[in-house]
Amino acid sequence: MGLLSDPNRRRALISLLTRLNAPICVVCYMAGVAWFMGLAFEPFTLRTYMSENAMGSTMVEERFPAGERALATGREFAAHKKKAGGMPVDWLVKTMQSHGLEVFTQRFSRTLPFPDENKERYMVKGTNVYGILRAPRASRTEALVLSAPCTPGDNNNQAVGLLLGLAQYFRSQVFWAKDIIFLVNEHDLIGMQAWLEGYHHTNTTGMDWSPLQGRGGSIQAALSLELSSDVITSLDLVLEGLNGQLPNLDLVNLFYAFCQKIGVLCTTQGKLQRNDWDSVSGYSHAVQTMMLMVMKQASGRSWGDHGLFLRYHIEAATIKGINSFRQYKTDITTIGRLMEGMYRKLNNLLERLHQSYFFYLMPSLSHFVSIGYYMPAFGLLAVILLLRALDLWVQLTAPPPRTEDGVVDPEQMSSPGVLSVLTPLVISHLTGVALYTLPIRFQEMAVEHFPVSETEAVVLTAIAVYTAGLALPHNTNR
Amino acid sequence: MAAPLTLLLIVAVTIRAALYRSSLADLISERVEVVSPLTAWKRVVEGLALLDLGVSPYSGDVFHETPLIIYLFHFLVDYAEITFMLADVITAVALYLTVKEYNKQVFRKQKFALEADRYPLDCLELIRSPKEMFYIPLKVAMFYLLNPFTILSCVAKSTCGLNNAVLSLFILSTVKGNVLLSAIFLSLATYQSIYPLTLCASALLYLMQRQYIPVNFRRASFWWFIVQYAFMYLGSLFVIVCLSFFLLGSWDFLPSVYGFILSVPDLTPNIGLFWYFFAEMFEHFRLFFLCVFQINVFFYTIPLSIKLKEHPVFLIFMQLAVISIFKSYPTVGDIALYMAFLPVWSHLHRFLRNIFLVCCVLLTCSALFPVLWHLWIYAGSANSNFYYAITLLFNVAQILLVSDYFYAFLRREHHLCYGLYLKRKDGSEATLVLK
C-alpha cells in the first residue's frame with residue numbers, strides 16, 4: 001500500500017490529478033470512443049472458433065430428402081390455420097401423432113396490461129402444441145428443442161412444414177441420444193413464455209397456463225425457425241434475447257460452420273459479410289453491423305422467440321430465412337440438411353455449452369470481439385466519473401489558505417456536513433421510486449375516476465412525476 | 001436525550017416491521033451474504049422440528065446453534081420477529097449507554113491532563129469539547145439501528161442479532177466497571193461463537209485501568225486480578241456448557257457447534273475468506289491451512305494489546321473488526337456491530353486518508369454482491385471466481401478502513417504528546433508515516 005500511505009507520493013499524485021483533471025478526462029473520453037470504434041476493424045478482432053470439444057470432430061453426411069413434402073405440409077398447415085382462425089390444434093396433434101411423436105398441448109391465457117388495439121380485448125388466449133421424439137436408446141434426461149411460431153396470416157407456414165418434415169425424418173433415425181421436442185407456439189413470446197414456465201415449474205409473469213403433461217428432461221439447446229418463403233437466398237441468425245442476454249458463442253460458431261459446409265449465405269443483423277475490410281465502406285459496414293447488435297441488446301427486448309430460453313440457462317438462437325433479390329436460391333431440402341447437421345452436432349453434447357464466450361460483439365459472423373476487449377472502452381468512460389469525483393473530494397478537503405499572520409479564517413473551515421448531502425440523495429431516490437411504482441398503481445384508479453384510457457393514464461402520471469421533478473433543484477438548494 | 005433515542009427506536013422498529021410484512025422478507029432470508037450456516041433461521045426451525053420429534057437436533061448436520069438458543073426459541077418461536085427486533089433494540093440501547101459512559105471518562109481524563117499541563121500548546125485544537133461529544137451516543141445508536149446491514153440481518157431473522165446483543169451487553173458491563181457481569185456476558189458470547197475469546201485481553205486491560213491496578217508483569221495485583229477474572233469467566237463458561245449438556249442430555253453440541261466453527265466443513269459461499277480457499281485445497285494441506293486461518297483471527301490480540309494498552313475501548317473496536325473480517329462464517333450483521341462504533345472516533349476525521357476510497361469500494365461491493373451471485377448461479381455466465389473477487393475486494397476495503405482508523409488514532413495520540421506541527425532537528429517540517 002505504498003501509494004496509499006506514503007504522504008509525499010500521495011501529494012504529488014493528488015496535485016497532478018487536480019491540475020490536469022480536465023485534459024485527462026477529455027483524453028479518456030476520446031480514447032474510449034476511439035477504442036470502441038476500432039473494435040470493428042478486422043485486424044483487431046478474432047476469428048471465431050469452436051471451443052466445445054464435444055462438437056468439434058463429428059461432421060456427418062446429412063441426408064434429409066423430403067423438402068417438397070415439407071412444403072406441401074406447410075401449405076396444408078396454412079389452409080387449416082385459415083379455417084381455424086388461429087392455431088389448428090387438432091390437425092397438428094393428428095399430424096404429429098402420425099409421425100410417431102408423443103403429442104401434448106398446453107392452454108394459456110394472459111391479461112394484457114393495455115387493451116389490444118385491434119379488438120379492444122384484455123385477454124390473450126392460445127394453445128401451444130408440442131411433440132416429443134423420445135431417444136430410442138437413452139434415458140430421458142436431456143432434450144433439445146426445435147420451435148416454429150404460429151403467426152396469423154401468411155407467415156411462417158414453411159417453418160412449421162419444415163418442422164414437421166424434420167420430425168418425420170428424425171423419427172426414423174436411431175442415433176439420437178437426447179429427446180427432441182418439436183414445439184409450435186402461438187402468440188410468439190407469450191406462448192413461448194407460458195411453455196417455458198410450465199416446463200420449469202416457475203411462474204414469474206403471473207400467466208395462467210395449464211400444466212404440461214409431458215416433459216423431456218433438462219433442455220440443452222434450442223433453435224427457433226422462421227421461414228416464410230419456399231426458397232431463400234440467405235439465412236439470418238438472431239441472437240439478442242431478453243435484457244440483451246446472448247447465447248454462448250459456440251452456437252454461433254456451429255451455425256456458421258454449417259453454413260460454410262452446405263454453402264448457404266449467412267448473415268447477422270441482416271447484413272452480409274464483406275471481404276474488403278481495409279476500405280472505408282467495408283469498415284463502415286462492419287461498424288454498422290456491430291452497432292446494430294449493440295442497439296438491439298440495449299433495447300432490452302427479445303428479438304426472436306429464442307430470447308426467453310436464455311433466462312433458463314438454455315442456449316438458443318433464432319434462424320430466419322430471408323428471400324431477397326439474388327440469383328442463387330436455396331431450397332428447403334438444403335435448409336433441412338443444415339438443421340439436421342446442427343442437431344446431430346448438438347446431440348453429441350456432454351454438458352451444456354459453456355466453453356465459449358457469453359458476452360461478445362460481432363462485426364460479422366466470422367469475427368467476434370469478446371468482453372475482455374470491449375470492456376476497457378467502457379472502463380475508460382467510467383474512469384472519468386472517478387477522476388471527477390476524486391477531484392471534487394480533494395477540493396472539499398483541501399486545507400483553507402492561510403492569511404499572512406497565520407490565523408486561519410474560521411468561515412472557510414466548515415465543510416458541508418453529511419446531512420446536506422443526504423437530502424438531495426433521498427429526494428432523488430424517492431423520485432426514482434415514484435417513477436417506478438406510481439404509473440402502474442395510478443392506472444386503474446385513473447381509469448375509474450377520470451375519462452382517460454390506460455395508456456394515457458400511464459403517460460400522464462410519468463409526465464406529472466417529471467414535472468414535479470423540475471422543482472428538485474429548488475428543493476435541494478438552500 | 002431519552003426522547004430522540006425513543007424516536008429513533010420507534011422509527012427503527014417500524015422499518016423492520018414494515019419489511020417483515022412485505023414480500024422481501026423471504027428473499028432476504030435466503031441471501032448468503034446475510035445468513036450463514038451458523039445463523040440461518042431456516043436451520044433453527046429445522047432444529048426445533050427435530051427436537052419436537054424427540055431426535056437430537058444435531059443429527060444430520062443441519063443445525064449448528066447452541067442448546068441455549070434452541071431452548072430460547074422453543075418458547076419464543078411464535079414471537080420470533082419480536083425477539084429479533086428486541087435484540088436490535090437492546091444492542092442499540094447498550095451501545096448508547098456504553099458510549100455515554102466512555103465519553104464521560106474520556107472527558108475526565110482530558111480534564112486531568114489539561115490541568116496537569118501535559119499537552120503541548122499547539123495541539124489545543126485536538127482537544128475535544130463536551131458540545132461536540134453530546135450527540136455521539138445518539139449517532140452510535142442511529143448507526144447501528146438504521147444501518148442497512150443491520151436491517152437486512154434482522155429481517156432475515158439471523159441469530160447474529162442475538163450475538164450482537166450479547167456482545168454489546170458485554171461491552172456495556174465492561175465500560176461500567178462491573179467485573180462479574182462482564183465475565184458472564186463474555187462467556188455467553190464465547191459460548192455462542194468462539195471468537196469473542198480475544199476480547200478477554202481488552203476487557204482485562206480496561207477493568208484494570210478502572211480499578212487503578214498497574215499493568216505490570218511483576219506486580220502481584222496484576223496476576224491476582226487476572227486469576228479472579230479468569231475464574232469468573234471460566235467458571236461461568238463451565239456452568240453454561242454443563243447446563244447445555246443437561247438440557248439436551250448429550251455432548252452432541254460440542255462437535256456440531258465448536259467443531260463446525262473451527263473445522264469449517266461447510267463451504268457455502270459467504271462474504272468471508274474461507275470458502276473459496278478451502279474449496280480449491282487438496283485434502284493433504286487442509287489441516288495446515290485451517291490452523292493458519294484460525295490462528296490469524298486470534299493472533300492480532302497480542303500485538304494490538306501491547307500497542308493499545310492505554311486505550312482499551314479502541315482495542316475492543318479493533319478486535320471486533322478483526323473478528324468480523326477473519327472469522328470463518330462472517331455475515332453483514334457482524335460488520336454492522338463494529339461500524340456502529342465509528343461515530344465515537346469521528347474526531348479523527350482530519351487524519352483519515354483513505355475514507356473516500358473505502359466508502360466507494362464498500363458501497364460498490366455491496367451492490368455487486370447480488371449481481372455477481374445472480375450471474376454465477378442463475379445465468380451461468382460467471383463462476384465462483386467473480387464472486388470471490390468481490391468478496392476479497394470487500395474484505396480489503398474493510399481492512400483498509402480499520403487500518404486507517406488505527407493510523408488516525410495513533411497519529412492523534414502522537415500529536416497530543418509531541419505537538420501538532422512537527423519539526424525535525426533542523427527546524428524543517430516533518431511528516432508522520434505509518435510503516
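With respect to chain A, whose longest principal axis is taken over its alpha-carbon atoms, helix A:371-397 is tilted by about 20°. Can you give me the angle between helix A:157-171 and the longest principal axis of chain A, using Cα atoms only, in degrees from 0 to 90, rounded to the nearest 10? Approximately 70 degrees, to the nearest ten. Please check: in the Gaussian network model of chain B (C-alpha springs, under 10 Å), which one of B:Pro67, B:Pro343, B:Pro255 has the largest mean-square fluctuation. In the Gaussian network model the winner is B:Pro255.
In a reduced charge model with +1 at each Lys and Arg Cβ and -1 at each Asp and Glu Cβ, chain B shows a dipole moment near 1740 debye about its Cα centre. Please give the Cα centre distance for the stretch B:1-48 versus the stretch A:26-93, rounded to the nearest Å. Taking the Cα centre of each part, the stretch B:1-48 and the stretch A:26-93 sit 49 Å apart. Mean residue ellipticity, 222 nm, helices only, chain B: the sum of -39500 (n - 2.57) across DSSP H runs of n ≥ 4, divided by residue count and rounded to 500, is -21500 deg cm²/dmol. Is there a pair in B:Lys42/B:Lys104; B:Lys157/B:Lys309; A:Lys81/A:Lys329; A:Lys125/B:Lys157 whose C-alpha atoms are over 31 Å apart, and which pairs would that be? Among B:Lys42/B:Lys104; B:Lys157/B:Lys309; A:Lys81/A:Lys329; A:Lys125/B:Lys157, the Cα-Cα distance tops 31 Å for B:Lys42/B:Lys104; B:Lys157/B:Lys309; A:Lys125/B:Lys157. Comparing B:Leu237, B:Met208, B:Leu267 along the charge dipole axis of the stretch B:178-323, the residue lying farthest to the positive side is B:Met208, per the Cβ-charge model. For the pair B:Val55 and B:Gln211, a Förster radius of 45 Å applied to the C-beta separation gives a FRET efficiency near 0.40, rounded to the nearest 0.05.
Take every pair of alpha-carbon atoms less than 8 Å apart whose residues are at least six positions apart; their mean separation over the length of the stretch A:53-365 yields a relative contact order of 24 percent. Rounded to the nearest 10 degrees, the inclination of helix A:188-200 to the longest alpha-carbon principal axis of chain A is 90 degrees. When chain B is treated as a GNM with alpha-carbon contacts under 10 Å, the residue of B:Ala321, B:Ala116, B:Ala389 showing the greatest mean-square fluctuation is B:Ala116. Based on Cα contacts under 8 Å between residues 6+ apart, the stretch A:1-158 shows a relative contact order of 17 percent. For the segment B:357-366, counting C-beta atoms of other chains within 10 Å of every residue's C-beta and taking the mean gives 1.
I'd like the antiparallel share, as a percent to the nearest 5, of DSSP beta bridges with both residues in chain A. Please list the in-between numbers first.
Details: 30 of 54 bridges.
Among the beta bridges of chain A, antiparallel pairing accounts for roughly 55 percent.
Give me the percent of DSSP beta bridges within the stretch A:121-237 that run antiparallel, rounded to the nearest 5.
25
Given +1 at the Cβ of Lys and Arg, -1 at the Cβ of Asp and Glu and no other charges, the dipole of the stretch B:72-227 around its Cα centre is 540 debye to the nearest 20. When both the stretch B:329-350 and the stretch B:192-207 are represented by their alpha-carbon centers, they are found 18 Å apart.
Dipole check for the protein assembly as shown: with +1 at the C-beta of Lys and Arg, -1 at the C-beta of Asp and Glu, and the Cα centre as origin, the magnitude is about 1620 Debye. Taking the DSSP beta bridges in the protein assembly as shown as the whole, what percent of them are antiparallel, to the nearest 5? If we restrict to bridges inside the protein assembly as shown, about 55 percent are antiparallel.
Bear in mind these aren't lab numbers, they're just calculated from the coordinates by the rules spelled out. Here the structure is a predicted model, which means the values were calculated and not measured. Every residue, glycine among them, receives a Cβ derived from its backbone with ideal geometry; neighbour counts consider all protein chains shown.
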